1. Once a ≥ b ≥ c are taken as the square roots of the eigenvalues of the Cα gyration tensor of the range B:186-335, is the result rounded (a/c under 1.5), prolate (a/b larger than b/c) or oblate (a/b not larger than b/c)?
2. Rounded to the nearest 0.05, what FRET efficiency do A:THR153 and A:ASP191 have when you use their Cβ-Cβ distance and R0 = 51 Å?
3. Provide the percentage of antiparallel DSSP beta bridges, counting only those with both residues in the range A:216-335; round to the nearest 5.
4. Could you check the spin-label model distance between B:GLN314 and B:ASP175? Points 7 Å from the Cα along Cα→Cβ, value in nm.
5. Go ahead and set up a Gaussian network model of chain B, Cα springs under 10 Å, then flag whichever of B:LEU311, B:LEU281, B:LEU271 fluctuates most.
6. Per DSSP H run of n ≥ 4, the term is -39500 (n - 2.57); total these for chain A, divide by its residue number, and report the mean residue ellipticity at 222 nm rounded to 500 deg cm²/dmol.
7. Pop a pseudo-label 7 angstrom from the Cα along the beta-carbon direction at both A:GLU144 and B:LYS15 and give the gap in nm to one decimal.
8. Taking H placed 1.01 Å from N in the peptide plane, check which residues at least 5 places from B:THR25 or on another chain put their amide H under 5 Å from its amide H.
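The values are calculated or read from the model by the stated rules, or taken from the named source; none is laboratory data. Everything numeric here is computed off the predicted structure, so don't read it as measured data. Glycine gets a Cβ as well: all are built from the backbone with ideal geometry, and neighbour counts include every protein chain shown. Ligands, DNA and RNA are stripped out before the accessible areas are found, and what is left, the full protein with its side chains, is counted by its heavy atoms. Shrake-Rupley method; radii C 1.70, N 1.55, O 1.52, S 1.80 Å.
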Protein chains: 2
Amino acid sequence: MDRGMSEFDLIERLKRLSKPGGPVTTGIGDDASVTVHDGPTATSVDAIVEGVHFSRRWSTARQIAQKAIGSALSDLAGMAADPGEVYVTLGMPADTPPHFREDLVDGFAETAEAFGTTLAGGDTVASPVMFVSVTAVGRAPAGEELILRSGATPGDLVAVTGEFGGAGAGLLLLDGADLSKEHRPALELADDLRGALVLRQIEPQPRLSAGRALRESGVSALIDVSDGLAADLGHVARASGVAVEIAIERVPVQAGVAEVADAFGRRPEELALAAGEDYELAFTLPGTALATVEERLSGLGCGFTLIGEVLPGQGVEVSYDGRPEQPPGGFDHFS
Amino acid sequence: MDRGMSEFDLIERLKRLSKPGGPVTTGIGDDASVTVHDGPTATSVDAIVEGVHFSRRWSTARQIAQKAIGSALSDLAGMAADPGEVYVTLGMPADTPPHFREDLVDGFAETAEAFGTTLAGGDTVASPVMFVSVTAVGRAPAGEELILRSGATPGDLVAVTGEFGGAGAGLLLLDGADLSKEHRPALELADDLRGALVLRQIEPQPRLSAGRALRESGVSALIDVSDGLAADLGHVARASGVAVEIAIERVPVQAGVAEVADAFGRRPEELALAAGEDYELAFTLPGTALATVEERLSGLGCGFTLIGEVLPGQGVEVSYDGRPEQPPGGFDHFS
């Protein structure tokens with residue numbers, strides 16, 4: 001690989017900030033990390049690219065690190081895995097200021113620790129565009145199973161954690177701030193609501209504790225909502241060989257989303273169901289598991305809502321107050 | 001993530017080409033792959049970027065896939081790990097022709113299989129510059145240990161597999177082909193030698209079988225030579241707290257490297273010790289292990305050469321015919 005001294009320096013910095021422990025017996029500093037564990041292991045890879053998934057105009061180095069690691073860890077939450085390790089590959093333009101490089105590396109270490117994971121490996125490469133590629137590894141204890149997308153059965157209930165549309169509305173606000181004053185939509189929104197929507201876009205919070213609780217509660221299928229609720233429930237329907245029917249009016253929408261959608265000429269449902277990046281969990285469960293799910297999630301302070309049911313058939317069926325609707329789709333990020 | 005339909009199509013293609021097996025119980029198609037194994041696991045991440053580590057002018061899609069996966073698997077060879085799974089994240093410009101995207105995905109599947117690994121996961125993201133980030137996972141059987149950089153002891157011998165300088169000479173040839181005729185250095189070189197040097201650069205062959213054989217032969221420290229022999233032995237010296245002394249004239253140099261170095265005004269030693277990317281293995285061993293190493297590597301048809309010894313102290317000491325020399329450094333790729 002083509003590494004200048006500063007790349008070795010960054011790797012040294014990563015190494016100092018990395019704390020082996022748990023299943024990690026060798027962390028950063030050899031050809032590879034070494035882990036030992038005998039339960040099922042979940043591994044997911046994900047990348048974010050400057051100008052496509054993040055912008056240095058909107059996000060600090062710490063927030064870019066959180067977006068990269070948080071979205072990757074959300075895939076582990078979607079498997080009901082306990083978070084284990086993260087590995088980071090950083091593509092960096094030659095003109096990136098040294099303090100920004102250091103802040104980014106520090107951000108990886110801080111974010112990894114904040115989410116209960118070990119930063120177990122990393123690499124930096126020269127690149128004309130900044131990107132961060134993250135590998136996230138999580139596990140279930142030996143004898144337990146991870147929760148796949150494929151376990152939904154007709155008769156199951158469909159539920160989601162938290163609230164939707166915030167990340168999409170946050171992106172509209174960030175995009176809108178770049179418009180000249182006369183093109184900026186008129187929008188009255190309290191500062192705290194505005195701030196919460198923007199943070200939803202730039203500081204994703206993976207639902208790791210909720211994922212674990214759902215593993216222990218007998219849910220049948222589980223996915224993290226990164227592409228958009230309609231698309232991700234479509235993945236569950238296809239993998240399970242069932243139809244998923246949801247009632248739009250039951251999907252919890254984050255405060256302020258309706259106002260932002262209105263100002264930008266969008267429907268709130270479009271932001272809630274198609275914008276993605278809210279990193280909530282969607283899951284199916286037999287009715288017998290409902291009391292346990294309720295108890296475990298409320299113990300975590302994590303709200304959840306029943307939004308539909310699993311039927312024989314295929315695909316996602318959406319209704320609004322009982323009337324069938326087309327599932328919203330085609331929300332372009334960074335358009 | 002921001003995925004157009006074609007990205008879902010590519011992931012579907014990856015999924016069709018991925019064959020779960022061995023420790024992989026769930027491959028591409030869920031939030032994460034699932035593996036179960038109870039021995040030590042090595043995980044390494046690496047990335048290659050267009051214009052920095054590869055060029056579409058020189059390499060086919062299949063060769064770009066081989067460069068990405070081959071160089072990542074070399075890190076596993078450097079741990080003496082048996083190859084397990086690879087995960088690929090592909091950053092792709094919007095104007096990449098569809099056939100090239102497909103060839104690249106097919107190339108990942110073919111290369112993964114050719115090197116005895118499972119393509120267990122992948123993701124594609126939009127990116128202004130093409131990049132491939134690879135996560136490679138390998139293992140040793142339960143009860144056995146992977147070989148780290150840190151086990152070298154004074155008195156050990158220093159050895160390398162194969163021959164050096166080929167990848168660096170190949171890069172000079174590829175760079176030189178871009179020069180106008182009057183600026184191209186005069187070089188008489190048989191076509192087969194020229195071809196072998198270029199392939200060394202664009203089709204890396206990780207030493208996976210040799211790595212495994214060395215694990216079973218009692219070597220004390222092991223590293224793959226990606227940064228350059230002098231730099232990588234420096235990593236061994238630092239991790240082990242020893243000095244590594246090597247005799248330049250003993251380092252095997254690939255046929256044609258001397259001629260290319262001469263034509264481009266470089267020293268052959270510079271290419272052999274500092275250019276990197278040959279993906280050979282460097283290792284240290286107690287004298288008592290020599291007969292076993294000889295037997296195991298010759299059984300694989302893999303040549304190896306003793307090039308020095310481990311001493312108390314620190315750093316890499318280089319001599320030429322008994323006279324101390326400065327270790328060569330500072331070979332710029334794609335300059």
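1. The shape class here is oblate.
2. E between A:THR153 and A:ASP191, to the nearest 0.05, is 0.65.
3. Bridges in the range A:216-335 that DSSP calls antiparallel: roughly 70 percent.
4. Distance between the two pseudo-spin positions: 3.2 nm.
5. Largest GNM mean-square fluctuation: B:LEU311.
6. Calculated mean residue ellipticity at 222 nm is -10500 deg cm²/dmol.
7. For A:GLU144 paired with B:LYS15, the spin-label model returns 2.7 nm.
8. Correct list: B:VAL34, B:THR35, B:VAL36.
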